[in-house]
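Okay, so here's the structure we're looking at.
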Amino acid sequence: MDPELIRLLGRLKYRYSYGENVLTHSIEVGLLAGMLASEVGANVQTARAGGLLHDIGKALTHEIPGPHAEIGYDLTTRNGVGSLVCNCVLEHHDDDHSSIESFLVAAADGISAARPGARKESVEQYTRRLRELEDTANGFEGVQRSFAIQAGREVRVMVSPEDVDDVACATLARDIAGKVSRDLQFPGQIKVTVIRETREESIAR
């Protein structure tokens, strides 16, 4: 492995996500992905390497803007890692996967993060983070109501169709995303979806 990747892996020892040490989590995901691969006949080395490196982008998220999966993909691609492993890094939060090893890394990531005791964020911290996200979106003119979903990784914003037209929806989504980035502290990325809906009803007798 390239020395630069080893150095960045070492940085993960001092990075925590939801109270979980990212280096310990990455090692665990690598081991789990390798075991899963051996059970189903997939490439064990690819799965283990993909699992170990899947969160390496988190070593640079405070220096480089963007999702950690994309940062990690760029890092591994630049530093001579094989394309199958790079795709495991890029796709570990996706629903679509280019290989069975990529799917196994995503599964191992879910297993590691979801096990009891892995993450220690309190209920109060969690609900406060969601409330802050919704309050930020609700502060914009034309917004009727907003909903933080997917553990705060997405906010869906319902707007008044009389006050916000289709063109303004795109601008509003960018403005909300910009304010969230400036004002809130959060791991990873948050998707902003603005929904404008109109309905016409009539009754046939």
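Under the criterion of Cα pairs below 8 Å and six or more residues apart, the relative contact order for segment 93-177 equals 17 percent. Rounded to the nearest 20 debye, the dipole size of the chain about its Cα centre is 700 debye, using +1 on the Cβ of Lys and Arg and -1 on the Cβ of Asp and Glu. Each helix, a run of at least 4 DSSP H residues, gives -39500 (n - 2.57); summed and divided by the residues of the chain, these come to -16500 deg cm²/dmol at 222 nm.
Where both bridge residues fall in the chain, DSSP classifies roughly 55% of the beta bridges as antiparallel. Taking other C-beta atoms within 10 angstrom as a stand-in for reagent exposure, Lys191, Lys179, Lys58 fall in the order Lys191, Lys179, Lys58, fewest first. Straight-line cross-link reach from Lys191 at under 16 Å between alpha-carbon atoms covers these aspartates and glutamates, not counting any fewer than eight positions away in the same chain: Glu70, Asp94, Asp95, Glu132, Glu134, Asp135, Glu154, Asp175, Asp183. The distance separating the Cα centre of segment 126-150 from that of segment 9-47 comes to 33 Å. Sort segment 47-87 into rounded, prolate or oblate with this rule: let a ≥ b ≥ c be the square roots of the eigenvalues of the Cα gyration tensor; rounded if a/c is under 1.5, and if a/c is not under 1.5, prolate when a/b is larger than b/c, oblate otherwise. It is prolate, given that a/c is not under 1.5 and a/b is the larger ratio.
Taking the average, over residues, of other Cβ atoms within 10 Å as the packing measure, peptides 155-166, 43-54 rank 43-54, 155-166 from highest down. Taking square-rooted eigenvalues a ≥ b ≥ c of the alpha carbon gyration tensor, is segment 3-114 rounded, prolate or oblate, where a/c under 1.5 means rounded and, failing that, a/b exceeding b/c means prolate? Since a/c reaches 1.5 and a/b is larger than b/c, the shape of segment 3-114 is classed as prolate.
Read-outs throughout are calculated quantities, based only on the coordinates presented, and are distinct from any laboratory measurement. All figures in this text were calculated on a predicted structure; none of them were measured in a lab. Don't worry about glycine lacking a Cβ; one is built from the backbone with ideal geometry, like all the others, and counts go over all protein chains shown.
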